[in-house]
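The values are calculated or read from the model by the stated rules, or taken from the named source; none is laboratory data. Because the structure is predicted, anything quoted here is derived from the model rather than measured. Using ideal geometry, Cβ is built from the backbone for each residue, glycine included, and neighbour counts are taken over all protein chains shown. Side chains are part of the model used for accessible areas, which takes the heavy atoms of the whole protein and leaves out ligands, DNA and RNA. Shrake-Rupley method; radii C 1.70, N 1.55, O 1.52, S 1.80 Å.
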Amino acid sequence: MRVCRAKIDLLQEVQPGAFLLGLAAPGISHEARPGQFYMLKIGEEADPFLPRPFSWLRRGPQASCNGDRVEILFQVVGKGTARLARMPLGEELQVLGPLGRGWEFDTGGFPLLLGGGIGAASLISLLEELPPKLRLDSWALVGARSGNQLWCGEEMSRMGAKVMLASQDGLKGFHGTVLELLKHEQDSLLRAGTEVFACGPWEMLRQVALWASSKGLPCQISVETPMACGVGVCLGCAVRLSGSRGYVRACQEGPVFRAEEIEWD
Ligand SMILES: Cc1cc2nc3c(=O)[nH]c(=O)nc-3n(C[C@H](O)[C@H](O)[C@H](O)COP(=O)(O)OP(=O)(O)OC[C@H]3O[C@@H](n4cnc5c(N)ncnc54)[C@H](O)[C@@H]3O)c2cc1C
Ligand code: FES
């Protein structure tokens, strides 16, 4: 984990309300594992005071800093992300990370990636670092409210995954949620050794976890619980464990968990 000041060398609107951000600083990306995240302090002002968590999308490539660079895909939802979207190129941000526990992918199972909304961004780094054969063998189902918000699907397709899209407004792909698409296509998607990786809104993760359990599939989920410190101190990111085993911190013990670890009710 590092604390650094990183220069914004890219800020581009890639779909309505979603921006690709490039950050360059010595050492920023060396230790990053797929599924880990960074806390970004946005601006020098007191408001927004707290840093905001974002998954990294990819390292490099056009490094302005000897390869020490990460890209982040973010969606504007409130004042922090709105402020971030207006920042000028060349401005520096205070960055903490990489943080948390990322995806485990050394089991050799066939990856089935499920991304909901901007949560799909966390799966791009996973796909990128899968062994090439597994990447080409993987399925990715990406869903969003609107067909205009499916940027990650195109990216995953370029990376070699077999992609299916779902949009709730029916503009692109299957008309419905990613869960409805999954259930519709499950007979053609499932193979012996399928392993599920999912990131998206809590309700989507809950349903994925139940579905994977009913099929007896190993399943990892990445939660996007709001965070204040990102380093395990404030306990603001607590997630309840199954079986009355108490709570864990999404920023330290997660954000990636085995689905059966979590209390979903
Ligand atoms: C580990 C992790 C990785 C993340 N990765 C990404 C990413 O790659 N790209 C991306 O766009 N976003 C990501 N997020 C979500 C991102 O952190 C929030 O969208 C951001 O903090 C919102 O800040 P804001 O100041 O714009 O909104 P605020 O003004 O803080 O909030 C605006 C509204 O959004 C709600 N809200 C804020 N944060 C969340 C949240 N985490 N979940 C649900 N509702 C929320 C608030 O309750 C409020 O209603 C991630 C979150 C976590 C925990
Ligand atoms: S965000 Fe503070 S403990 Fe997790």
Can you name every residue in the range 219-240 that is touching a strand residue (DSSP E or B) at 6+ places or on another chain (Cβ under 6 Å) and of a type in the set (A, V, I, L, M)? I221, V223, M227, A238, V239
Of all residues in the range 196-231, count the ones that are open to solvent by 10 Å² or more (accessible area, probe 1.4 Å), more than 16 Å from ligand 1 (Cβ to nearest atom) and not aliphatic (A, V, I, L, M). 7
Mind checking which residues of the range 33-71 are of a type in the set (G, A, S), modelled with pLDDT of 95 or more and at negative phi? S55
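Here's the yes/no breakdown for (1) without any contact (Cβ under 8 Å) to a residue 60 or more places away in the chain; (2) over 30 Å from R145 (Cα atoms); (3) more than 16 Å from ligand 1 (Cβ to nearest atom):
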residue: C4; (1), (2), (3): no, yes, yes
residue: D9; (1), (2), (3): no, no, yes
residue: F19; (1), (2), (3): no, no, no
residue: A25; (1), (2), (3): no, yes, yes
residue: F37; (1), (2), (3): no, no, no
residue: E44; (1), (2), (3): yes, yes, no
residue: D68; (1), (2), (3): yes, yes, yes
If we keep just the residues of the range 173-194 that are touching a residue at least 60 places away in the same chain (Cβ under 8 Å) and in contact with a Leu (Cβ under 7 Å, 6 or more places away or on another chain), which is surrounded by the fewest Cβ atoms within 10 Å (Cβ to Cβ)? L189
Six or more apart or on different chains, Cβ under 8 Å: which pairs go from a residue in the range 253-265 that's within 16 Å of ligand 2 (Cβ to nearest atom) to one that's among the aromatic types (F, W, Y)? Could you list them? P255/F37; V256/W103
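Just to verify a result, which residue in the range 239-250, among those that are within 14 Å of ligand 1 (Cβ to nearest atom), open to solvent by less than 50 Å² (accessible area, probe 1.4 Å) and free of Cβ contacts under 8 Å to residues at least 40 places away in the same chain, is farthest from A140 (Cα to Cα)? Lay out the reasoning, then the answer.
Our first condition is that a residue be within 14 Å of ligand 1 (Cβ to nearest atom); within the range 239-250, this holds for 239, 248-250.
Filter again for open to solvent by less than 50 Å² (accessible area, probe 1.4 Å), leaving 239, 248, 250.
Then drop every residue that is not free of Cβ contacts under 8 Å to residues at least 40 places away in the same chain, which leaves 239, 248.
Values: V239: 26, V248: 28 Å.
Ranking the qualifying residues of the range 239-250, first place goes to V248.
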